[in-house]
Amino acid sequence: MKRREIIKWAAVTPAVGAIIGSLVPFQSVFAAPDVKLGPKRNLIKELGLRTFINAAGTYTTMTASLMNEEVMEAIDDSSREFIMLNEVQDKVGEKIAQMVHSEAAMVTAGAFSALTLGMAGILTGTDQEKIKQLPHRLDEAGIKSEVIIQKAHFDGYEHALSNTGISLVPVETANDVDRAVNQKSASMHFLNCNTLEGKIKHEEWLQLAKKHNLPATIDIAADVPPVSNLWKFNDMGFSFVALSGGKAICGPQSAGVLMGKKNIVAAARLNDSPNGRTIGRGMKVNKEEMLGMYAALDSYLKRDHDKEWKMWEDRVAAIKGAVTKVKGVEVTVTVPPIANHSPKMNIKWDREQTKIVRSELGDRLRQGNPSIEVIAWGDDENSIDLTVFMLKPGQEKIVGKRIFKELSKASS
Ligand SMILES: *Cc1c(COP(=O)(O)O)cnc(C)c1O
């Protein structure tokens, strides 16, 4: 059949068209079925890109996490159709809100953009003049311009809030909060992963916010698992919660979720793409990431989390078994209490017996085949750190063997 005929045929025979669509790659939907496709391209090989076993963790520079089949299917399927962008955001937001016990939700370009957009929503409400104003001269435009945050909660990501034009007002105690509140105060922000470092914990932070009639907001970007953190902070009463999609949830790396009060999410959407003249126009998220993010959350909620934890422990045991065969090597396993909550291994060697330093071992693992990334930056010269939650099944054996080999080589 000629290409034109195929189009006609598929158009009057929708079911057949759909079957063809699902059987052959997208580019060839309208190519005659007897046309031979060339060999599948491998761009990673073609461009000579280094792939590696990720025993470090969900680091953005390492491309963080891998998407599972459900996510890829959502992306792939939706890439073949046009849908109105706002309709996708409406529906996906509604579904996600149900999952996480919030009034409303939206998919953003990561947790960072969720923080900026949520903050913008608080500042502007639905006022179009204020939306156009951000991030400049807030005071002149009658926009509140200060956000209260604990000193111990500065980690760099608060820059997402400053991007709207607000200034951050550091506090340490409840008295500091009382003194800091004034006419310009817009909200009170909390960084969940630094809960232990700050003097004021969630409940008190929320009480203070209530007392001063300010919204309390929270960054929980990397704080799933446990899965219950998806709804915990909405249940507690935070006005908005920012979550990263591309960390342990394994959604699209360029996606995240803003969840919270209806009016804030609605206002955040007015500050976002596809609306021009907004602070969020450059934080574009297309339908594929929105649906991919939804699929990732859906799949994450349905996962057997106990079984997954057991699998991580088995991986730790396999690596520990391999590397402790080197004399003087000791392994300590800890679990970060809040963010990146999964087993973390510290592999320590005796410098008298094993003549290698942290960064050197990191380089050798990186330069080997297959290449392996571990946590080899930081101070302790006689050890490396690694995590196992981003490994593919079976890779723990390769990691254990390779570290054993390198440490053995360096041992006298
Ligand atoms: C990773 C992270 C972010 C940013 O998340 P993205 O999804 O990459 O935008 C923000 N805050 C904290 C605490 C994080 O760990």
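Local charge for MET283 was computed over the other residues whose Cβ lies under 12 Å away, with Lys and Arg +1 and Asp and Glu -1, and equals +1.
Can you work out the FRET efficiency for the pair LYS91 and LYS405, with r the C-beta to C-beta distance and R0 = 45 Å, to the nearest 0.05? For R0 = 45 Å, the calculated efficiency reads 0.30.
Taking amide H positions as modeled 1.01 Å from N, with prolines and chain starts lacking one, the residues under 5 Å from VAL169 and 5 or more places away or on another chain are VAL147, ILE148, ILE149.
Treating r as the C-beta distance of LYS302 and PHE82 and R0 as 35 Å, the FRET efficiency rounds to 0.75. Using θ = phi - 60° in the Karplus curve 6.51 cos²θ - 1.76 cosθ + 1.60, the 3J(HN,Hα) couplings for the range 103-109 round to 5, 8, 7, 8, 8, 10, 7 Hz; x is entered for Gly and Pro. Approximating the spin labels as points 7 Å out from Cα along Cα→Cβ, the ASN175-to-HIS212 distance works out to 1.6 nm. Loop-located trypsin sites (Lys or Arg not before Pro) in the range 100-186 (DSSP state not H, G, I, E or B) with no more than 14 neighbouring Cβ atoms inside 10 Å: ARG137. Basic side chains Lys and Arg get +1 at the Cβ, acidic Asp and Glu get -1 at the Cβ, and with that the dipole of the range 209-337 about its Cα centre reaches some 320 debye. Applying 0.36 nm per residue to the separation of VAL333 and SER412 and subtracting their alpha-carbon distance, the gain on full extension is 25.8 nm.
The label-point distance for LYS199 and LYS151, in a model that sets each label 7 Å from Cα toward Cβ, rounds to 0.8 nm. Note on GLU352/LYS397: beta-carbon distance plugged into 1/(1 + (r/R0)^6) with R0 of 22 Å gives a FRET efficiency of 0.15. Please report the net charge: other residues with Cβ closer than 13 Å to the Cβ of SER412, K and R +1, D and E -1. Computed value for this residue: +2.
Membrane-span-like helices in the chain, defined purely by DSSP H runs whose alpha carbon atoms cover 20 Å or more axially and whose average Kyte-Doolittle hydropathy reaches -0.5, are 85-100, 287-302. Karplus-derived 3J(HN,Hα) values for the range 37-51, using 6.51 cos²θ - 1.76 cosθ + 1.60 with θ = phi - 60°, are 7, x, x, 4, 6, 10, 5, 4, 5, 4, 8, x, 7, 7, 9 Hz; glycine and proline are entered as x. When the Cα positions of ALA160, THR126, VAL171 are compared along the charge dipole of the range 76-173, VAL171 comes out farthest toward the positive end, with charges on each C-beta of Lys, Arg, Asp and Glu.
Any read-out appearing in this document is the output of simple, stated calculations on the displayed coordinates, not a laboratory observation. Predicted, not measured: the structure shown is a model, and the values here were computed from it. No Cβ is skipped: glycine too gets one built from the backbone with ideal geometry, and neighbour counts run over all protein chains shown.
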